[in-house]
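Engineer: Please see the structure below; I have some questions.
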Protein chains: 2
Amino acid sequence: MAGGCVYSREDGYGDDAGNGDGDGGDGVSTSSQWKEKQQEEREKPTRPCTDFDMAYFNFYSHVGIHEEMIKDRIRTESYRNAIFQHQNYIAGKVVVDVGCGTGILSIFCAQAGARRVYAVEASDIAVQANKIVKANNLSDKVIVLHGRVEDVEIDEEVDVIVSEWMGYILLYESMLGSVIIARDRWLKPGGLILPSNATLYMALVTHPDRYSGSVDFWRNVYGIDMSAMLPLAKQSAFGEPSVESITAENVLTLPQVGME
Amino acid sequence: MAGGCVYSREDGYGDDAGNGDGDGGDGVSTSSQWKEKQQEEREKPTRPCTDFDMAYFNFYSHVGIHEEMIKDRIRTESYRNAIFQHQNYIAGKVVVDVGCGTGILSIFCAQAGARRVYAVEASDIAVQANKIVKANNLSDKVIVLHGRVEDVEIDEEVDVIVSEWMGYILLYESMLGSVIIARDRWLKPGGLILPSNATLYMALVTHPDRYSGSVDFWRNVYGIDMSAMLPLAKQSAFGEPSVESITAENVLTLPQVGME
């Protein structure tokens, strides 16, 4: 494997990649093309796996994160609906799932008729994803690759990329870069990316309760003047992103498109 | 200053330590005693400031932590009550506040009549603590020392140590060690430590809703068998400490003393 990421482990179960069942469908590279391409790939400098990457991937090996994401029915059902709405396109095709986590989107794709799904996951949750695939009798279709998209090898072009790359305020998880790497490495010209576009709306809001609770609070703390905390408290309370539900009357402007 | 911790900054405002107002009260070392003692101190090996220390102290420079701790009225008022219940002892005495944070306990001690309070704080919140002390016209009594208890210098023995060292499940913040260092460095024989003893009660509890939400959940996730997640989910949900309120009927045994 290219690169030196400690997460690019050889666990055995990723070895199926490239040992397709020989059905010779459209887009499968021949063995010699494959070797040439791999040679080129090896010569390209791969961004090495940093401490930040390791912390990032380690975070996603925690079960609670996946529980929270999957329990968000609006999120998970939107992905499922998108996959099944594109069932005609996906059926019989090759898919790569970038950052598959527990493998749920890969399994949806298999259920939608994908011929093969490469489920790429750098964090250790890949071990569970592989077990889940087996438990659902999908090992012949879903191949879990434990490593970064930069490092794993897929020896055919793919028709579809699915990825749950969206984070808070759309871009927070910084995973879009991995989707782009996957696209450049494997996607056929004209292939499908799910999702492929997004719109970020922004609006000015006010939050007086929070302001008084976190900022004005310091003016009188058990009778002590702690106003010296105000600059830091303002910075801390409103200088960092915050994810919370607010009521409509706190929205001061109509939402505007911030980014498309 | 002994030690090499990056948090032992010379901000000017800590320089008052040792330049007492010359009232010559009991326990103030003379200048030559002081220098001898400092020489000895320098020869003792001080535990160096590690990356862990830096992350730990950096955490306490975040305002939100202090807001949360101070807003816990049971916590803050217990400390205030303890200090004022010992007002007869504290009045006219020298106090050290180990990990003073915003300086609230130091100010309570000054309000209770302490002659001088050394407020020791390694995190950058010390800068705010010093401003708060000034804003409350207590600069003549409360001296903020920005550094670890291992590193700062106090040139007199102290009568009282106050410290909010208790964390989750009593010991979680691992700050007790700093109180012990302060005691060994500065406390007069027979001096007062607030608090000086604690009792940790433990009881068996059950939490069926949490179990089903975080563990059983994986048995059927949008129709997919994710039981492979169960071992990890059990470990994650119940292998780590959790701080939450539960109802009385979930407590299965009478509380037992776990530690005193």
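The values are calculated or read from the model by the stated rules, or taken from the named source; none is laboratory data. Since the model is a prediction, treat every value here as computed from it, not as a measurement. With ideal geometry, Cβ positions are generated from the backbone for all residues, glycine too; neighbour counts draw on all protein chains shown.
Engineer: Of the conditions (1) surrounded by 24 or more Cβ atoms within 10 Å (Cβ to Cβ); (2) within 13 Å of the chain's Cα centre (by Cα), A:Thr76 fails just one. Which one is it?
Structural biologist: (1)
Engineer: Name the residues in the range A:98-116 that are out of contact with any Cys (no Cβ under 7 Å at 6 or more places or on another chain) and within 14 Å of another protein chain (Cβ to nearest Cβ), would you?
Structural biologist: Here is the first cut: in the range A:98-116, the residues out of contact with any Cys (no Cβ under 7 Å at 6 or more places or on another chain) are A:98-105, A:107-116.
Within the range A:98-116, A:Cys100, A:Gly101, A:Thr102, A:Gly103, A:Ile104, A:Leu105, A:Ile107, A:Phe108, A:Cys109, A:Ala110, A:Gln111, A:Ala112 meet the criteria.
Engineer: Return the residues of the range B:164-179 that are assigned to a helix (DSSP H, G or I) and within 18 Å of B:Pro241 (Cβ to Cβ); say none if nothing qualifies. Walk me through it before giving the result.
Structural biologist: As a first pass, look at the range B:164-179 and keep what is assigned to a helix (DSSP H, G or I): B:176-179.
Hit for the range B:164-179 is B:Leu176, nothing else.
Engineer: Still on this structure, I have one more. Within the bounds of the range A:199-209, is there any residue that is surrounded by 16 or more Cβ atoms within 10 Å (Cβ to Cβ) and either among the small types (Gly, Ala, Ser) or away from every other protein chain (no Cβ under 11 Å) (or both)? Lay out the reasoning, then the answer.
Structural biologist: Within the range A:199-209, the first condition is being surrounded by 16 or more Cβ atoms within 10 Å (Cβ to Cβ), and the residues that meet it are A:207.
This time we only want the ones that are either among the small types (Gly, Ala, Ser) or away from every other protein chain (no Cβ under 11 Å) (or both), so: A:207.
Within the range A:199-209 (the criterion being surrounded by 16 or more Cβ atoms within 10 Å (Cβ to Cβ) and either among the small types (Gly, Ala, Ser) or away from every other protein chain (no Cβ under 11 Å) (or both)), the answer is yes, since at least one residue qualifies.
Engineer: Give the residues of the range A:92-150 that are more than 26 Å from A:Pro48 (Cβ to Cβ) and of a type in the set (Gly, Ala, Ser), sorted by residue number. Steps first, answer last, please.
Structural biologist: Let us first name the residues in the range A:92-150 that are more than 26 Å from A:Pro48 (Cβ to Cβ), namely A:92-95, A:102-117, A:128, A:131-142.
Answer for the range A:92-150, where residues must be more than 26 Å from A:Pro48 (Cβ to Cβ) and of a type in the set (Gly, Ala, Ser): A:Gly92, A:Gly103, A:Ser106, A:Ala110, A:Ala112, A:Gly113, A:Ala114, A:Ala135, A:Ser139.
Engineer: Where in the range A:84-163 are there strands (runs of 3 or more DSSP E), lying wholly inside it, with at least 2 residues that are over 23 Å from B:Pro231 (Cβ atoms), in contact (Cβ under 8 Å) with a residue 60 or more places away in the chain and of a type outside the set (Val, Ile, Thr)?
Structural biologist: A:116-121, A:158-163
Engineer: Give the range B:139-191 a look and list any residue that's surrounded by 15 or more Cβ atoms within 10 Å (Cβ to Cβ) and of a type in the set (Asp, Glu), or say none.
Structural biologist: B:Glu150, B:Asp151, B:Glu153, B:Asp155, B:Glu156, B:Glu157, B:Asp159, B:Glu164, B:Glu173 - these are the residues of the range B:139-191 that are surrounded by 15 or more Cβ atoms within 10 Å (Cβ to Cβ) and of a type in the set (Asp, Glu).
Engineer: Across the range A:57-71, what is the total count of residues that are assigned to a loop (DSSP other than H, G, I, E, B) and either within 12 Å of chain B (Cβ to nearest Cβ) or over 23 Å from A:Gln128 (Cβ atoms) (or both)? Show your work before the answer.
Structural biologist: Restricting attention to the range A:57-71, the residues satisfying the condition of being assigned to a loop (DSSP other than H, G, I, E, B) are A:60-62.
Next, only the ones that are either within 12 Å of chain B (Cβ to nearest Cβ) or over 23 Å from A:Gln128 (Cβ atoms) (or both) stay: A:61-62.
The qualifying residues number 2.
Engineer: Spot the failing condition for B:Glu260; the list is (1) modelled with pLDDT of 85 or more; (2) more than 29 Å from A:Cys109 (Cα to Cα); (3) of a type in the set (D, E, K, R), and only one is missed.
Structural biologist: (1)
Engineer: List pairs: first residue in the range A:232-254 and over 17 Å from A:Asp209 (Cα atoms), second residue not small (Gly, Ala, Ser) anywhere in the structure, Cβ distance under 6 angstrom, at least six positions apart or on different chains.
Structural biologist: Final answer for the pair search is A:Leu232/B:Val63; A:Thr253/A:Leu204.
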